[in-house]
1. Send over a whole-number figure in Å² for the accessible area per residue of chain A, probe 1.4 Å.
2. Going by Cα centres, region B:30-87 and region A:91-115 are how many Å apart?
3. So the label point sits 7 Å from Cα along the Cα-to-Cβ vector; using that for residue A:63, what distances do you get to the other copies, in nanometres, sorted shortest first?
4. Within the protein assembly as shown, what whole-number % of the accessible surface is contributed by carbon and sulfur, with the 1.4 Å probe and all protein chains included in the calculation?
5. What residues of region B:1-49 lose no less than 20 Å² of accessible area with every protein chain in place versus their chain by itself (probe 1.4 Å, heavy atoms only)?
6. Ignoring ligands, DNA and RNA and using a 1.4 Å probe, state the total buried accessible area between B and A in Å², rounded to the nearest 100.
7. Treating the angle as unsigned and between 0 and 90°, give the value, to the nearest 10°, between the Cα long axis of helix A:11-20 and the longest Cα principal axis of chain A.
8. Can you tell me the relative contact order of region A:5-61? Whole percent, Cα pairs under 8 Å, sequence separation 6 or more.
Number of protein chains: 2
Amino acid sequence: MSVTFAALADPTRRAILARLTEGEAAVTELAEPFAMSLPAVSRHLKVLGRAGLITRSREGQWRPCRLEAAPLKAVSDWTGNYRRFWEERFDRLDALLQELQENEQARDAQTDSDR
Amino acid sequence: MSVTFAALADPTRRAILARLTEGEAAVTELAEPFAMSLPAVSRHLKVLGRAGLITRSREGQWRPCRLEAAPLKAVSDWTGNYRRFWEERFDRLDALLQELQENEQARDAQTDSDR
């Protein structure tokens, strides 16, 4: 998990993963949108490869990169341990909002009956 | 997101978050299970704090740390962009497994009819 999180802690590497959701791509294609040298992109791909987030085909000259989503499932599953905490937080905000609305309605009703 | 992922890329910091799911805790309590010096734990808490993953109460001497799950919701939402990729992968494995089982059943049926 540490290796996965470290690989994801870079906006260029996350952008490469996003690009690969559209399909396999060669290093040159991946380099284009970033105005980056090929060696710089290759270094990012190595980090992604070590984290198991991409694989590279070994066939022929083209050697496209391909997204591997299994480590992202592991990240998603891990965040699941904390779901109840952010849901509780939103539930508390919901309750607060509802209370504010009820107070406002009560005030409006009071104003109407005062007329 | 980069700050969040960098903060999560350390097993001690993830263990601190896991501990905080049980409730607020002071730095000394958080240091105990890790056989770590207080300054070392404080450095980890600073990284978690900068990422918005914990807050520290400013009241009194105790100043407990508290889990803040909102950045983890952001991580969970981000992984959602990749869900169809890991599900596709598991669907393909399922299909492969089913094919293997059907082949095996067909072979068993053939063996039975040969008897």
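1. 63 Å²
2. 36 Å
3. Here residue A:63 shows inter-copy label distances of 5.2 nm.
4. That share works out to 50 percent.
5. At a threshold of 20 Å² (probe 1.4 Å), the residues of region B:1-49 that become less exposed are B:2, B:5, B:8, B:9, B:14, B:21.
6. Counting protein atoms only, the buried area is about 2600 Å².
7. Roughly 80 degrees, rounded to the nearest 10.
8. Over region A:5-61, the number comes to 33 percent.
The values are calculated or read from the model by the stated rules, or taken from the named source; none is laboratory data. Predicted, not measured: the structure shown is a model, and the values here were computed from it. So basically every Cβ, Gly included, is an ideal-geometry build from the backbone, and we count neighbours across all protein chains shown. In case anyone asks, the SASA skips ligands and DNA or RNA and just uses the protein heavy atoms, side chains included. Shrake-Rupley method; radii C 1.70, N 1.55, O 1.52, S 1.80 Å.
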